[in-house]
Amino acid sequence: ETVAEIEERNHEFPGVITMTEPVREYIDTYEEAHILGYIRAINSRQYDELKDEGYDNDDLIGQTGVEKSAERYLRGKNGRVTVEVDAEGKLTRKLVTMEAMPGHDVVLTIDTNLQKVAMESLARNIERIRNDNRGPNYGDAFAGSAVVLDVNSGAVLTMVSYPSFDPAIYLAGPEDAEAQQMILELTKDEQKLKALLNRAIQENYAPGSTFKAITAVAGLEKGVITPTSNTIVCRGTAHIGGRNLFCLEKPTYGHGPLTLKGGLETSCNLYFYELGVRTGIEALTYWANNFGLGKKTGIDLPNEVSGTMSSIELKKKLRNDIWRPADTAQVSIGQFDNSFTPLQMANYTATLANGGKLYRPHVIKEIVKYDGSVVNRTEPSYTQLPLKESTIAAVKEGMVAVTSSIDGTAQEAFRGLPFEVAGKTGSAQTQSGGGRSPNGIFICYAPADDPQIAIAVIVERGVWGSNVAPVARDIIDEYFGLKAADSRNAELKPEKPLFNP
């Protein structure tokens, strides 16, 4: 009504012109903040790079997340209005010399309900782990990430990074003192600054025992073992490359002769030390690289990091030293220089699930024009790995035992499901000599016999993979519409901290 009155009486208001200006709103986007990203005023460097593309020095521009990667679609084009005024400054004529063009809609693959469940489960389980004094737990669990992929397309259904932040603070003007203070606190403290990191694609983690499925693949494909051979014997200790190595579970007597299924089920380090040394570092590096570990996935989000995969060449570069058998043993259980993003781990799990198709993950489903027509739709893209069906079947059998056998390292979290889950736990040291809890890692795909989703969960200083497996269970319950079976999933909505608790 105010606009209409000003327009009608414009002769009374010299120099006053009404215009429409778009605004961006982020509503209840704590869980999706790292995917969406945020927009902010263009900086001088960006302006110098983009001024020839029609950007003005007071424009807003995508800085992170989809806001940045899809900026060219979301932005639209400015219009132009020419006005004429008389000598007294009164408007005499207004001409639209160029119509404004609205930006496109960017439709994402993210399941928002699943996203919220994953974030809440991470927060709840981190709090539980922090208050659990069992094992090498220093009560310092504080952050984590969970990624869920559609195994048959590479679509990212969930990607959470905890703790998160409210992207709306970046839309606030300088007059909003509270928002400016939050921004200042996020950026001035190194620990708090990490809340801005998308841990799923911008942080690397040693995979621990979740890497053992790669060691299994390499051994099977090279013919070092068969699915049923039990030529590797765990005696509790072994001397490899001048070092004494131990079975963590049974250091005195060991597990005895083990098949691959038994090795994965119990996560016996000695089994995989021996398997890795027999297989060789070249084969381990080859298959890890084939599964996309230590390499960028090419996801349609900015600032993805590559991680590292151990190799003879990398050790020479980093340490100027030769390769030794004990190095291969450490690589075989996911240690040494192995360091991957949660997205890479989820994608490698999805590749095991779908029979060897390494998809390029994506969060953008399609780009839709303002008139409803589709400008661009993301089509699944994958590389087929040269895997034998028997290899996939043998690794799957061992991973199913992890979640369903009485000796499985994650069987407690998956009781009562109407189908089997193929999974693998992992624990990785974060500091030599103690002082910090190990990271807890868990990967899985479900259902084991008809895979639909693959999951990777990491809790920084989460101690054991079995500690973080309940997050994957919560995700599975939500995705498949299953009722929570016990108090593990009791209704609990923790506060959403902007920074590390």
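What to note about this one:
- Taking all Cα pairs closer than 8 Å and separated by 6 or more residues, the relative contact order of the range 23-102 comes to 23 percent.
- Charge-dipole axis of the chain as Lys and Arg at +1 and Asp and Glu at -1 on Cβ define it, positive-most pick from 139, 248, 160: 248
- Violating pairs (Cα-Cα greater than 21 angstrom) within the set 212/295; 222/315; 116/369; 212/388; 212/261: 222/315; 116/369
- Calculated translational diffusion coefficient of the range 272-409 (25 °C, 0.890 mPa s; Stokes-Einstein with Kirkwood radius over alpha-carbon pairs) equals 142 µm²/s.
- The mean sequence distance of close C-alpha pairs (under 8 Å, at least 6 residues apart), as a share of the length of the range 58-184, puts its relative contact order at 16 percent.
- Normalised by the number of residues in the chain, the average gap of Cα pairs under 8 Å and 6 or more apart makes the relative contact order 18 percent.
- Label point 7 Å beyond Cα of residue 24 along Cβ direction - residues of the range 69-83 with amide nitrogen under 19 Å: 69-79
- Charged side chains reduced to their Cβ positions (Lys and Arg at +1, Asp and Glu at -1) give the chain a dipole of some 2800 debye around its Cα centre.
- Centre separation in Å (Cα based) which lies between the range 1-57 and the range 134-149: 41
Values in this text are rule-based calculations from the coordinates and carry no lab data. Keep in mind that this is a model prediction, so the values were computed, not measured. When we count neighbours, we look across all protein chains shown, and the Cβ atoms used for this are built from the backbone with ideal geometry, even at glycine.
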